[in-house]
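Contents: one structure, followed by commentary.
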Amino acid sequence: MVNNAYRGPKFVNVAAFETWRKSESVLVVADLNPEPVRDKYGSIPGSFVVDAGKFTVQNLGGDTSLPVVFCGLNRADPAPVKAAEQARTMGFRSVFVLLEGIEGWAANQPTQP
């Protein structure tokens, strides 16, 4: 018997995410960081800034079949995991958390203001 129960979001590291982002034609990246964090680190180019507790399907591009990657500050930030779980309850099938968050991304990748 196969158990298809949801076991939480999948995690993706910065290197794998960057490779995936370059090859994926449509990918939703949700930046959950508050303004002071975005002021310090910026955001991943092309990401949507969303409120961790108040986003909607429309805030995330409107298509629940698209993969969504949630980005918080770093590994210790619980917001991306909670948001990914919320997105699953909203019908998104492919939800991921950027493991190192914006700190890990900004260390070696370009950001946008």
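Laboratory data are not the source of any read-out in this text; all were calculated from the coordinates shown. Quick caveat: nothing in here was measured; it's all calculated off a predicted structure. Cβ placement follows ideal geometry from the backbone for every residue including glycine, while neighbour counts extend to all protein chains displayed.
General observations
- As a rough guide to protection, the peptides 16-27, 96-107, 44-55, 62-73 ranked by mean Cβ packing within 10 Å, highest first, stand as 96-107, 62-73, 44-55, 16-27.
- Stretching the chain fully between Lys40 and Thr19 yields a gain of 5.1 nm (0.36 nm per residue, less the alpha carbon separation).
- For a straight C-alpha distance cut-off of 26 angstrom, the lysines reachable from Lys54 (same-chain residues fewer than eight places away being disregarded) are Lys10, Lys40, Lys82.
- Report summary: the helix-based calculation at 222 nm, which adds -39500 (n - 2.57) for every DSSP H run with n ≥ 4 and divides by the residues of the chain, gives -9000 deg cm²/dmol.
- Share, in percent, of DSSP beta bridges within the chain that are antiparallel, nearest 5: 10 percent
- Relative contact order for the chain: 36 percent, from Cα pairs under 8 Å spaced at least 6 residues apart, divided by residue count.
- The Cβ shell under 14 Å around Leu27 holds other residues with a net charge of 0, Lys and Arg each +1, Asp and Glu each -1.
- Here region 13-92 is described by how far its Cα atoms reach on the three principal axes: 32, 29, 19 Å, from widest to narrowest.
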